[in-house]
Amino acid sequence: MTTDIPGRRPEKAPWLVASAHVEIPFHDVDVMQVAWHGHYVKYFELARCALLRRFDYDYPKMQASGYLWPVVECHLKYVRPARYGQRVRVTASLTEYENRLRIAYEIHDIATEERITKGYTVQVAVDARNGELQFVSPPVVLAKLEAAWAAS
């Protein structure tokens with residue numbers, strides 16, 4: 001048996017997850033009618049913003065709290081191509097939060113549920129006043145997460 005520790009995800013609390021729906025636009029595809037590989041990062045960003053809003057820490061709130069959170073790592077695995085007009089669901093899941101924000105993503109075709117892409121990003125906290133990297137997540141993040149878990 002484990003107990004809940006302040007600053008840690010409660011044992012039975014679900015990981016925070018959010019999704020965004022995207023219809024692949026014409027301006028995102030190449031001559032083969034396949035979404036250009038660089039646009040998948042944009043689709044990840046849409047789901048990431050939805051996820052950050054789930055615990056009330058979207059980008060304006062980050063800045064207001066005195067921290068910036070640049071993406072320092074991005075990994076994608078292309079499984080199938082996304083094509084013009086295809087409707088996809090982009091899901092973002094918070095998988096680490098104590099020293100950095102690590103968010104895992106999956107993109108699925110809405111009609112078939114086939115996985116198209118998966119990946120993750122890593123963001124680190126930087127003090128907005130002096131640009132110093134924070135080696136642990138600021139208390140404001142932990143407080144926001146604890147509030148979100150308590151509400152779920």
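How would 62, 32 rank on accessible area, largest to smallest, probe 1.4 Å?
Result, largest first: 32, 62.
At a 1.4 Å probe radius, carbon and sulfur cover how many percent of the accessible area of the chain? All intermediate terms of the calculation are to be shown ahead of the outcome.
Values: 4880 of 8600 Å².
Heavy-atom surface of the chain belonging to carbon and sulfur, 1.4 Å probe: 57 percent.
Relative to the longest principal axis of the chain, what angle (0 to 90°, nearest 10) does the C-alpha long axis of helix 139-151 take?
Orientation of helix 139-151: about 70 degrees from the principal axis.
Which option, (i) 43, 39, 29; (ii) 58, 34, 27; (iii) 50, 41, 22, is the value of Cα extents along the principal axes in Å that was calculated from these coordinates?
(iii)
Probe of 1.4 angstrom, ligands and nucleic acids ignored: what's the accessible area per residue over the chain, in square angstrom?
57 Å²
Keeping all protein chains in place and using 1.4 angstrom, which order do 121, 95, 112 fall into by accessible surface area, from largest down?
I get 112, 95, 121, largest accessible area first.
Taking the chain as the reference, fit the longest principal axis to its C-alpha atoms, fit the long axis of helix 39-54 to the helix C-alpha atoms, and give the angle between the two in degrees, 0 to 90, nearest 10.
40 degrees
The values are calculated or read from the model by the stated rules, or taken from the named source; none is laboratory data. Quick caveat: nothing in here was measured; it's all calculated off a predicted structure. Heads up: the accessible areas ignore ligands, DNA and RNA and are worked out on the full protein's heavy atoms, side chains in. Shrake-Rupley method; radii C 1.70, N 1.55, O 1.52, S 1.80 Å.
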